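Please read the structure below before turning to the comments.
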Amino acid sequence: MTSLDKPTQDAGQSPPGGGREDDGQVPDSRAVTEAALFEAFGGIRGMVETVLPGLIFVTIFTINKDLHFSAIAALAVSVVMLVVRLLRKDTVKHAFSGVFGVAFGVVFAMFTGNAKDFYLPGMIYTLGLALAYIVTTLAGVPLIGLMLGPVFKENLSWRTRNPGRKKAYTKASWAWGLILLAKCAILFPLYWWADTTQLGWVLVILKIPPFLLAVWLTWVFLAKAPPPIDVFAEMEAAEKAEEAEEAEKAAKAEREGAAAENGEPAAGRHRRGV
């Protein structure tokens, strides 16, 4: 039985890696949740990196209606933000995803010659992500749990050992899926009916509020859930216990070998080895 598949602790027993509410550790659990969400979703800087390229594009296009200049400026801003992160040796996953997203939009818009297509890849990605949240939740493996499990050092232990956290992850994934679907329900009609400038400004406006709402709901659900089970700490403890057992066996074998060299009878060796 692996560390991820062990049965849930008995009722009232504090799981490894977290305290119970009556231990007065709820504030610590909430602080850990806040830090994990901040790390997973990029925090304020990640939001800026998400919004700025689109804002640059729609601002320039509103002024001069130049697709090529607007697209190149948006891509240049994304690359600069990535380079800054690389120079500072910060986490680059959010910046990389931003560059690829903007680059894909630039290529798509220039290929079709339609400025609105700059936004289409991101809209399709949002729709796909919304469906992924919903489908994985219906399958019993909510996507938000797969994303945050490693951040909390619990991996997939929440699936079989921590039903309270699985319930919280399920609620959070439903929230993300439905919020993103609502966003798509606004944007896709605008893609067909509105002009590039109108679509662009609505997209900029809808970048942050739905995201913050989903993150806040995730924090609410997880802050009320049982603390995560630190499976990494459990594995380290198991390894240390195994090393201690091996050391004891080696010491016992050494004592028996020394006794054999001294010519002690077998019974005496066994008594000394106990």
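The values are calculated or read from the model by the stated rules, or taken from the named source; none is laboratory data. Note that this is a predicted model, so its numbers are computed, not measured. Quick reminder, even Gly has a Cβ in these numbers, built from the backbone with ideal geometry, and neighbours come from all protein chains shown. Areas reflect the complete protein model, heavy atoms only, side chains present, ligands, DNA and RNA absent. Shrake-Rupley method; radii C 1.70, N 1.55, O 1.52, S 1.80 Å.
Listed here are the residues, each with its yes/no results for (1) part of a helix (DSSP H, G or I); (2) within 30 Å of residue 166 (Cβ to Cβ); (3) of a type outside the set (Val, Ile, Thr); (4) in contact (Cβ under 8 Å) with a residue 12 or more places away in the chain.
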residue: 54; (1), (2), (3), (4): yes, no, yes, yes
residue: 58; (1), (2), (3), (4): yes, no, no, yes
residue: 98; (1), (2), (3), (4): yes, no, yes, yes
residue: 116; (1), (2), (3), (4): yes, no, yes, yes
residue: 123; (1), (2), (3), (4): yes, no, yes, yes
residue: 128; (1), (2), (3), (4): yes, yes, yes, no
residue: 146; (1), (2), (3), (4): yes, yes, yes, no
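So that you can scan it fast, the table gives a plain yes or no per residue for (1) under 20 Å from the mean Cα position of the chain (by Cα); (2) of a type outside the set (A, V, I, L, M); (3) modelled with pLDDT under 70:
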residue	(1), (2), (3)
222	yes, no, no
232	yes, yes, no
246	no, yes, no
249	no, yes, no
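Checking residue 221 against (1) over 30 Å from residue 34 (Cα atoms); (2) open to solvent by less than 80 Å² (accessible area, probe 1.4 Å); (3) not small (Gly, Ala, Ser): exactly one of these is not met. Which one?
(1)
State all residues of the range 109-136 that are more than 30 Å from residue 148 (Cα to Cα), buried (at least 18 other Cβ atoms within 10 Å of the Cβ) and not small (Gly, Ala, Ser); if no residue qualifies, say none.
Residues satisfying the conditions are 116, 117, 118.
For residues that are polar (S, T, N, Q) and not in a helix (DSSP H, G or I), scanning just the range 148-173, find the one that is surrounded by the fewest Cβ atoms within 10 Å (Cβ to Cβ). Full working, then the answer.
Restricting attention to the range 148-173, the residues satisfying the condition of being polar (S, T, N, Q) are 155, 157, 160, 162, 170, 173.
If we keep only those that are not in a helix (DSSP H, G or I) too, we end up with 155, 162.
On the way: 155: 19, 162: 23.
Checking each candidate, the answer is 155.
Is it true that residue 118 is touching an Asp or Glu at 6+ places or on another chain (Cβ under 7 Å) and modelled with pLDDT of 85 or more?
Working: touching an Asp or Glu at 6+ places or on another chain (Cβ under 7 Å): no; modelled with pLDDT of 85 or more: yes.
No; evaluated as a whole, the condition is false for this residue.
Got a sec? Which of 176, 192 is surrounded by fewer than 20 Cβ atoms within 10 Å (Cβ to Cβ) and closer than 30 Å to residue 56 by Cα? Full working, then the answer.
Working: 176 fails: surrounded by fewer than 20 Cβ atoms within 10 Å (Cβ to Cβ).
That would be 192, the only listed residue that is surrounded by fewer than 20 Cβ atoms within 10 Å (Cβ to Cβ) and closer than 30 Å to residue 56 by Cα.
Would it be correct to say that residue 97 is surrounded by fewer than 19 Cβ atoms within 10 Å (Cβ to Cβ) and within 24 Å of residue 210 (Cα to Cα)? Break it down stepwise before answering.
Details: surrounded by fewer than 19 Cβ atoms within 10 Å (Cβ to Cβ): yes; within 24 Å of residue 210 (Cα to Cα): yes.
It is true that residue 97 is surrounded by fewer than 19 Cβ atoms within 10 Å (Cβ to Cβ) and within 24 Å of residue 210 (Cα to Cα).
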